[in-house]
1. For the stretch 32-59, give me the residue count where each residue is in a helix (DSSP H, G or I) and either surrounded by 13 or more Cβ atoms within 10 Å (Cβ to Cβ) or in contact (Cβ under 8 Å) with a residue 60 or more places away in the chain (or both).
2. Of the residues Ala17, Ala10, Ala29, which single one is over 16 Å from Ile65 (Cβ atoms), touching a strand residue (DSSP E or B) at 6+ places or on another chain (Cβ under 7 Å) and surrounded by 13 or more Cβ atoms within 10 Å (Cβ to Cβ)?
3. (1) part of a strand (DSSP E or B); (2) surrounded by 11 or more Cβ atoms within 10 Å (Cβ to Cβ); (3) at pLDDT 90 or above: which one isn't true of Ile66, the others all being true?
Amino acid sequence: MAYTLLIHVANEDAILADAEELPSVTDQAIFCTNIRRRDGKDVHYADAQAVSFMIPWHRINFLEIIGGEEEGEIIGFVREKQ
């Protein structure tokens with residue numbers, strides 16, 4: 001299951017990345033692919049030919065999980081006619 005992460009790197013703009021699994025509490029770094037800025041443009045400090053990235057935790061302020069699990073159908077309130 002793939003996850004889209006919004007990674008808030010210290011002293012940089014937040015970046016979007018894809019990850020196959022969420023990091024565990026014992027991990028020293030986040031392993032991800034397809035890093036990009038929020039607007040979809042390339043990250044200026046990453047090489048254009050790089051495929052995978054390892055970002056150490058000490059460089060990350062916090063992490064947002066954007067997607068991952070299949071979205072189920074949302075059922076709202078339904079009023080049936082009598």
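1. Matching residues across the stretch 32-59 total 1.
2. On the way: Ala17 fails: over 16 Å from Ile65 (Cβ atoms); Ala10 fails: surrounded by 13 or more Cβ atoms within 10 Å (Cβ to Cβ).
Of the residues listed, the single one that is over 16 Å from Ile65 (Cβ atoms), touching a strand residue (DSSP E or B) at 6+ places or on another chain (Cβ under 7 Å) and surrounded by 13 or more Cβ atoms within 10 Å (Cβ to Cβ) is Ala29.
3. (3)
The values are calculated or read from the model by the stated rules, or taken from the named source; none is laboratory data. None of these values were measured; they are calculated from a predicted model. Cβ coordinates were reconstructed from backbone atoms using ideal geometry, including for glycine residues, and neighbour counts include every protein chain displayed.
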